[in-house]
1. Among the residues of the range 59-74, is any at pLDDT below 90 and under 24 Å from residue 158 (Cβ atoms)?
2. Could you tell me how many of the residues in the range 128-150 are within 18 Å of residue 203 (Cα to Cα), touching a strand residue (DSSP E or B) at 6+ places or on another chain (Cβ under 8 Å) and crowded, with 17+ Cβ neighbours inside 10 Å?
3. Mind listing whichever residues of the range 264-278 are under 23 Å from residue 106 (Cβ atoms) and assigned to a loop (DSSP other than H, G, I, E, B)?
4. Those residues that are in contact (Cβ under 8 Å) with a residue 40 or more places away in the chain and outside any loop (DSSP other than H, G, I, E, B), I need them from the range 205-221; list them, please.
5. Of everything in the range 102-123 that's over 17 Å from residue 290 (Cα atoms) and surrounded by 16 or more Cβ atoms within 10 Å (Cβ to Cβ), which residue is modelled with the highest pLDDT?
6. Among the candidates 288, 283, which residue alone is crowded, with 16+ Cβ neighbours inside 10 Å, out of contact with any strand residue (DSSP E or B) (no Cβ under 8 Å at 6 or more places or on another chain) and not assigned by TED's automatic domain parsing to the domain that holds residue 81?
7. Working only within the range 151-175, note down all residues that are in contact with a strand residue (DSSP E or B) (Cβ under 8 Å, 6 or more places away or on another chain), farther than 30 Å from residue 292 by Cβ and either surrounded by fewer than 18 Cβ atoms within 10 Å (Cβ to Cβ) or assigned by TED's automatic domain parsing to the domain that holds residue 136 (or both).
8. Here are some conditions: (1) surrounded by 16 or more Cβ atoms within 10 Å (Cβ to Cβ); (2) more than 22 Å from residue 105 (Cα to Cα). Residue 196 meets all but one. Which one does it not meet?
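The values are calculated or read from the model by the stated rules, or taken from the named source; none is laboratory data. Quick caveat: nothing in here was measured; it's all calculated off a predicted structure. Here the Cβ positions follow ideal geometry from the backbone for every residue, glycine too, while neighbour counts run over all protein chains shown.
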């Protein structure tokens, strides 16, 4: 029996979606269907009921999954350990993060060190206004960052999470009592932006120059870090946009965070130098995807 068939069956039983299964396994949806069909032929019965709208396990599929999972996880672990040994995934991996060490960040580190016990991760904070200098200078090997990338010398991993945007305001601001804001209302709010050398896309994400309909948005000052931004907000020197995890992290007296509708969400993933990709970086990216998509525990 082919290991790839079993792997495809287990992943499809988790995703219940052919396209997402294909994405996780770096296959085409058609190849996923072929592998599942081959396994069903070997077994002699249908493991999934599939229609144009949904995929679900049959009773036979549920029994097979329950019997298979312990052996499959043992096999997958053996393959991962052998692969790690063959690729020498060991030593220090320096991982950059922006402002907030979310569960995806800490969970990815824990999963990596658990899977590759001869490796160790050093977490390094990178400035919000300068997300890539430490990466380009070799002071970090990989960094959690805003996606998509517009940096030709860098390679990005898969999207790990997508979060809504909130506006940080002083409690003295006239809009502080609102339960939500529309993006068009930013035309009446002076936004705090980012210092150099923040990339163009970062500047526009943190402090867009126009509302979705094209109305200009006033500017306040600029900052280097999220902590500086929150301090300026508390002093009522402007407002600042944050992704929700950062807003949750920086909640404090004197500052409120109001959800904003009509703006693109914050999308985060990993980035590394194209010229510096290693087996350890690829392995860390794979485990980060597993943590983000709920297929790896986040406990250390």
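1. Within the range 59-74 (the criterion being at pLDDT below 90 and under 24 Å from residue 158 (Cβ atoms)), the answer is yes, since at least one residue qualifies.
2. 9
3. Going residue by residue through the range 264-278, those that are under 23 Å from residue 106 (Cβ atoms) are 265-272, 278.
Correct list: 265, 278.
4. Residues satisfying the conditions are 205, 206.
5. If we take residues in the range 102-123 being over 17 Å from residue 290 (Cα atoms) and surrounded by 16 or more Cβ atoms within 10 Å (Cβ to Cβ), then 121 is modelled with the highest pLDDT.
6. 283 is the lone residue from the list that is crowded, with 16+ Cβ neighbours inside 10 Å, out of contact with any strand residue (DSSP E or B) (no Cβ under 8 Å at 6 or more places or on another chain) and not assigned by TED's automatic domain parsing to the domain that holds residue 81.
7. Listed by number, the residues that qualify are 171, 175.
8. Tallying (1) surrounded by 16 or more Cβ atoms within 10 Å (Cβ to Cβ); (2) more than 22 Å from residue 105 (Cα to Cα), residue 196 fails exactly one: (1).
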